[in-house]
Every structure is written in C-alpha cells, then in structure tokens.
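**Student:** I am attaching a structure below and will ask some questions about it afterwards.
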Amino acid sequence: MSFVLELVPAVGVRVALFSTYSAAIFALRMHVPKMVQDGIIDETGNVKRNERIQLRPKMPAIDATELPWISLGKSPESRRAMIQSVLKNNPTFSLAETIVCNTFQEIESGALALLPIQALAVGPLEAPRSTSAAGHFWAEDETCLPWLDAQAPGSVVYVAFGSLTVFDAERLQELADGLVLTGRPFLWVVRPNFADGVGDGWLDGLRRRVAGTGLVVGWAPQQRVLAHPSVACFVSHCGWNSTMEGVRHGVPFLCWPYFADQFLNQSYICDVWGAGLRIRADERGVVTKEEIRGKVARLLGDEGIKARALSLRSAACASVADGGSSHQDLLKLVSLLTED
C-alpha cells in the first residue's frame, strides 16, 4: 500500500511500513532495477536470462523465472503492471520512518541490513489464542485438536496450503493417494475453494476412505496444530506466515510452493536453514503419490533436519522473550509511535 507514502510530503504524516513477507523479498524488490539494468529481466516482466539470484552468501537464492513479480503475472499485461509498480514505488520507500517485519534478526540479519531504511524485526508474530476469528477466511474446525490428542507423539503429517493455492483434480488425487501411502496419520486442510473441477462428492468419498487414519477439515487453527506434540512435519505452500509459524514451533517442512514469494521462502527453509525438503514434480508438472510417500519418509528419517528445526524454534522463542532481538525492536516501534 505504498500509495500512503504520498501523504508524507502532502500533509506531513509519519509512516511505518509493514512487510507481510520476508525481509529477503523486500531486499529483492529493491534489487529489481539492477536486474533490469543487467538484462536479467526487462521492464515488461519478461525473463531475458534465467539466472539464479542471490544477494548475499547467507541469503536464499531464486531463479529469475520464480521471482514473485514474474510468477504472479498470469499474462504479459499483468507481469508488466507488476514490474512497473515495483520500479515506480521503490524510490518512495525512503519517505517512511521504518519498515516493520514479521521476522527476527537471527534468521534474516543479512536481508534486514539491505533494506533502504531502518527495519524493525518484531517476529515471529503469533496471535494469542483468545483472539477472535474475525480475520480468518473460514471458520476454524477445532475438532482436529482432540483428534490430534489421540495420535502418537511425532506421528502426524500436517498438510495445509494456505488461502490461495488451487489444485486440479489430478494433483489432488495424487496428493490424497500419497498421504494414504505414507502409512501415517495425517491432518489435511481442504478449504472450500481448494480444488478446481472437483465436486463435494469426491471430498465426502475421501473422508470415508481415510476414516481412522486421516482427518480432512475445511480450515484449521494452524498455530495450535503446529504446537501440538503429535505433529511430525508440515507439508506447506511456504507462505511467509506459515513459514514463520512452522519455524516458531520447530516443525520440519516439506515444501510445495505455488507462486509469489513462496519459492524464495522454500530456498530459506531447504538451502539456508536446512529445516526441510523440496517436493519435486515430474515431467508433466505433477507431484506423484510415490514422490509424496518417499519425501515424507526421507524427511522424518532425517535427524539433522529435525535438530535444525528445533534450533530455529529456540532462536525464535528467544527473539520474542524479554530482552530478545524482536522484543527490543518492538519497544523501538512503541517509542516511534509515541513520539510527538
């Protein structure tokens, strides 16, 4: 919503930006003009050289074709509009006093240092359990919590793809079959508009088929699910909120990005933090049931990944505790808000 920055010179208001994605994505956004200058992409959003882009050694890398402003654009016109918006708005960010980020210094210090103005890392953000569900797209099905209570510790595969990912019938069926093939209990969030071209009858049939082994819900209280001791891993689209929630609770990831910033978040999880594995599609672009079964087994058999996920949890908890890096930045934000 960078148009708000136009109010700074016009009426003298003070602006703090809030970034809903990682500091690395913000830094990558600021790097777009250089990518245009270097001939990697052009000003209409076309990829001229599919290079792998990494701004610093300890930051995630991404292919040019997976840049958020490229992968979001479903047509040449939309890609052009997105790149032009980036080029137009980047210079205005210096008018803000700070950028508030849902991240923490211990995982993104390099990216935070690249932002154009002072950044305040106050994450990982987590809503208290008493918060109303007014901000949720769908009603949370809390029946999954007693179901999780009945499962063995570290046994459940949790599957959720956020609020925008859409699967077609073939990919949906492969995912369902793959989860069954793992031989593990699973909790799968299938929101009302998750599948394209699949009727309610398919979902009812799936529930009957997996009864006793898996549980399918329309929407889950994700933070409480990830905090549950029975959850073994998180099959995720790698949206930044889900990434921070998984990090906060020390859960290993099986990464299945869909679009936008999710590919860079996957790079963080798998390449920088070592807390997860990538799901690989076949030559048709379909993730097969065998791939799902194999990757779940490999992920849950990797003690190194589990240890690194728990180490991330410790760092995340320390950052928001009294005296932690995020706690200190939160106090700085409060100070900015109370200045005359």
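The values are calculated or read from the model by the stated rules, or taken from the named source; none is laboratory data. As the structure is a prediction and not an experimental result, all values here were calculated from the model. Virtual Cβ from ideal backbone geometry, glycine too; neighbours counted across all protein chains shown.
**Student:** So Lys48 ticks every box in (1) touching a residue at least 12 places away in the same chain (Cβ under 8 Å); (2) surrounded by fewer than 20 Cβ atoms within 10 Å (Cβ to Cβ) but one. Which box is left unticked?
**Tutor:** (1)
**Student:** Considering each residue of region 188-239, count those that are among the polar types (S, T, N, Q) and over 25 Å from Pro153 (Cβ atoms), and give that number.
**Tutor:** 1
**Student:** Here's something else I'd like to know. Tell me whether region 293-311 contains one or more residues that are part of a helix (DSSP H, G or I), within 16 Å of the chain's Cα centre (by Cα) and either touching a residue at least 12 places away in the same chain (Cβ under 8 Å) or in the same structural domain as Leu179 (by TED's automatic domain parsing) (or both). Outline the logic, then answer.
**Tutor:** Step one: list which residues in region 293-311 are part of a helix (DSSP H, G or I), which gives 293-300, 303-311.
When the remaining residues are screened for being within 16 Å of the chain's Cα centre (by Cα), the result is 309.
Subsequent filtering for residues that are either touching a residue at least 12 places away in the same chain (Cβ under 8 Å) or in the same structural domain as Leu179 (by TED's automatic domain parsing) (or both) retains 309.
Looking for residues that are part of a helix (DSSP H, G or I), within 16 Å of the chain's Cα centre (by Cα) and either touching a residue at least 12 places away in the same chain (Cβ under 8 Å) or in the same structural domain as Leu179 (by TED's automatic domain parsing) (or both), one finds at least one in region 293-311, hence yes.
**Student:** Something else about it: Suppose the filter is of a type outside the set (Ser, Thr, Tyr), touching a His at 6+ places or on another chain (Cβ under 8 Å) and surrounded by fewer than 20 Cβ atoms within 10 Å (Cβ to Cβ); does Arg293 pass it?
**Tutor:** No, not satisfied.
**Student:** Hey, among the residues in region 74-103 that are in contact with a Phe, Trp or Tyr (Cβ under 8 Å, 6 or more places away or on another chain) and either aliphatic (A, V, I, L, M) or not assigned by TED's automatic domain parsing to the domain that holds Val8 (or both), which one's surrounded by the most Cβ atoms within 10 Å (Cβ to Cβ)?
**Tutor:** Ile83
**Student:** Condition (residue is over 30 Å from Thr182 (Cα atoms), more than 24 Å from the chain's Cα centre (by Cα) and in contact (Cβ under 8 Å) with a residue 40 or more places away in the chain) applied to region 312-330: is it met by at least one residue?
**Tutor:** no
**Student:** So how many residues does region 74-88 have that are within 25 Å of the chain's Cα centre (by Cα) and either at pLDDT 90 or above or β-branched (Val, Ile, Thr) (or both)?
**Tutor:** The qualifying residues number 10.
**Student:** Filtering region 31-41 down to residues that are assigned to a loop (DSSP other than H, G, I, E, B) and touching a residue at least 12 places away in the same chain (Cβ under 8 Å), which residue is nearest to Val86 (Cα to Cα)?
**Tutor:** His31
**Student:** Out of everything in region 184-230 that is in a loop (DSSP other than H, G, I, E, B), more than 14 Å from Pro146 (Cα to Cα) and of a type in the set (A, V, I, L, M, F, W, C), what residue ends up being modelled with the lowest pLDDT?
**Tutor:** Val198
**Student:** So which residues in region 268-290 are among the small types (Gly, Ala, Ser) and surrounded by 24 or more Cβ atoms within 10 Å (Cβ to Cβ), if there are any at all?
**Tutor:** Once the filter is applied, which keeps residues that are among the small types (Gly, Ala, Ser) and surrounded by 24 or more Cβ atoms within 10 Å (Cβ to Cβ), region 268-290 yields Ala275, Gly276.
**Student:** If a residue must be of a type in the set (D, E, K, R) and either in contact with a Gly (Cβ under 6 Å, 6 or more places away or on another chain) or free of Cβ contacts under 8 Å to residues at least 12 places away in the same chain (or both), how many such residues does region 192-201 contain?
**Tutor:** 1
**Student:** Looking at region 202-218, which of its residues are surrounded by 20 or more Cβ atoms within 10 Å (Cβ to Cβ) and not small (Gly, Ala, Ser)?
**Tutor:** If the condition is that a residue be surrounded by 20 or more Cβ atoms within 10 Å (Cβ to Cβ) and not small (Gly, Ala, Ser), then Leu206, Leu215, Val216, Val217 are the ones that fit.
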